[in-house]
1. Working carefully through the options L60, L41, find the one that is at pLDDT 90 or above, out of contact with any helix residue (DSSP H, G or I) (no Cβ under 6 Å at 6 or more places or on another chain) and either among the β-branched types (V, I, T) or not in a helix (DSSP H, G or I) (or both).
2. Just for the stretch 153-184: of the residues that are more than 24 Å from S213 (Cβ to Cβ) and part of a helix (DSSP H, G or I), which one is modelled with the highest pLDDT?
3. Sort out which residues of the stretch 1-26 are part of a helix (DSSP H, G or I) and hydroxyl-bearing (S, T, Y), and write them in order of number.
4. Just wondering, is there one or more residues in the stretch 106-117 that are farther than 30 Å from Q85 by Cβ and touching a residue at least 12 places away in the same chain (Cβ under 8 Å)?
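The values are calculated or read from the model by the stated rules, or taken from the named source; none is laboratory data. Please read all numbers here as calculations on a predicted model, not as lab measurements. Using ideal geometry, Cβ is built from the backbone for each residue, glycine included, and neighbour counts are taken over all protein chains shown.
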Amino acid sequence: MFITGSLQEFSLLEISHCIYKEKKTGLLQIFSSPESPENSLSNHYIWVSQGKLVAAANQLNNQGLVSLIQQYHWASNRVVTKVAQFCPKEQPLGLYLRNQGVLKSQHLKHLFEVQLFQQVRILFQFKDVQFKFDQDVPTPMSEMTGLTLPVVSLNWVLEKLTILQEIFELRNLLPDNSYGSNKSSFFCSQVDHLLDIAFFHSLNFSLFNQENSINKLSQFIDLYYLPYDLPKSMPNQRVSCALA
């Protein structure tokens with residue numbers, strides 16, 4: 001059984017509260033309308049379990065999380081691929097890689113944040129967005145970090161993005177010739193990069209934190225002025241991370 005429609009008819013707030021309140025499990029697919037002139041030509045997949053966000057990817061080949069891990073140089077591609085082959089089918093891949101010493105808890109936390117943001121950003125970039133929620137679709141363990149968040153936290157991200165873009169514009173950090181979806185796409189790309197910078201500088205920042213103040217969001221934008229050539233690696237540090 002699946003539910004489909006437009007986010008112009010059903011708000012994300014309504015959909016997420018329904019999933020959260022009824023503790024639904026399934027796959028939420030979001031994509032721009034084929035008729036939209038802003039068509040992104042891509043699909044975005046978010047898996048939920050018992051009303052919680054558990055994984056996200058832009059593909060259904062069970063390689064999304066591995067591909068994301070390989071963008072960072074925390075371990076060689078050969079090691080990640082080799083160890084992943086032995087992951088038990090009933091265990092989240094991210095948790096298994098952590099238990100095997102390939103990744104650290106702080107790596108999983110960052111991966112989960114980026115994993116979700118890269119899929120939910122389409123809701124901020126495009127006006128005409130369609131959705132389909134297919135119930136009782138099992139989550140592929142190969143896409144799971146082992147972390148979870150209440151599905152309603154998707155709304156918090158959109159709220160933060162709206163405020164962050166306003167700060168961006170006030171500080172003249174957007175290209176003069178940017179407009180519409182191009183402006184939003186550029187802005188979201190910058191936020192994606194700022195999340196990396198915040199992580200590499202060991203700052204405790206998350207778009208999914210409901211308690212972020214305007215001051216905290218402004219400090220996040222301040223990271224824009226730090227060097228952009230940070231290597232995708234970092235020393236091991238002790239960071240607590242709640243795993244499901």
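1. Values: L41 fails: at pLDDT 90 or above.
Checking each option against the conditions leaves just L60.
2. Quick first cut of the stretch 153-184, residues more than 24 Å from S213 (Cβ to Cβ) only: 175-183.
After this cut, where a residue has to be part of a helix (DSSP H, G or I) as well, the list is 180-183.
Values: G180: 56, S181: 61, N182: 77, K183: 83.
Once the filter is applied, the top-ranked residue is K183.
3. Of the residues in the stretch 1-26, the ones part of a helix (DSSP H, G or I) are 12-21.
Those that are part of a helix (DSSP H, G or I) and hydroxyl-bearing (S, T, Y): S16, Y20.
4. Start the filter on the stretch 106-117 by keeping residues that are farther than 30 Å from Q85 by Cβ, which leaves none.
For the stretch 106-117, residues farther than 30 Å from Q85 by Cβ and touching a residue at least 12 places away in the same chain (Cβ under 8 Å): absent.
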